[in-house]
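J.: First the structure, then my questions, so here it is.
The values are calculated or read from the model by the stated rules, or taken from the named source; none is laboratory data. Fair warning: this is a prediction, and the values are worked out from it, not measured in the lab. Cβ placement follows ideal geometry from the backbone for every residue including glycine, while neighbour counts extend to all protein chains displayed. Protein only, heavy atoms only, side chains kept; ligands, DNA and RNA dropped before computing areas. Shrake-Rupley method; radii C 1.70, N 1.55, O 1.52, S 1.80 Å.
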Amino acid sequence: TTMNYLILYDIEKDKVRNLIAKYLLSKGCIRIQKSVFLAHSDHKKFDEIKQTLTEVNEVYDNQDSIILIPLNVSDARSMKLIGQNVNIDQIIDPPNTVFI
């Protein structure tokens, strides 16, 4: 089964912050704000992302924080965005393509 979740972080070092942002984008996460991402994936990919972020955080001495918040579909659909438009539907209800 798939799940939706938010990934938020507060990371002091620019280099680490940029590497994490690039990593999350490469995993298909959508950037909502500079340090907030929305993701839709299966549990295996969620665990992989969580493990990678844990390993990065443990590599150096820091006071950083990374938060992964599960988000059910109804909560995601009821989110209100003010400002820059983010297409949440593309994460929550990804299109299905059928080739015949």
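J.: Starting from the Cα-Cα distance between SER26 and SER65, subtract it from 0.36 nm times their residue separation and give me the gain in nm to one decimal.
T.: Working: separation 39, 0.36 × 39 = 14.04 nm, distance 2.06 nm.
Additional length available on full extension: 12.0 nm.
J.: Using alpha carbons only, what's the Rg to Rh ratio of segment 1-48 with Rh from Kirkwood? Before the final figure, lay out each step's value.
T.: Working: Rg = 10.9 Å, Rh = 11.1 Å.
Reported Rg/Rh, Kirkwood definition of Rh: 0.98.
J.: When the solvent-accessible surface of protein heavy atoms is calculated with a 1.4 angstrom probe, in what order do ARG17, ARG31 fall, highest first?
T.: Ranked from most to least accessible, the order is ARG31, ARG17.
J.: Which Cα, out of ILE11, ILE32, ASN62, lies furthest along the positive dipole direction of segment 1-70 (beta carbon charges, K/R +1, D/E -1)?
T.: Comparing the listed Cα positions along the dipole, ILE32 ranks first.
J.: Label LYS50 and ASN18 with points 7 Å out from Cα along Cα→Cβ: what is the distance between them in nm?
T.: Distance between label points: 3.0 nm.
J.: Let me know the volume per residue of the alpha-carbon convex hull for segment 1-92, in Å³.
T.: On the way: hull volume 8.8 nm³, N = 92.
Expressed per residue, the convex hull around the Cα atoms of segment 1-92 is 96 Å³.
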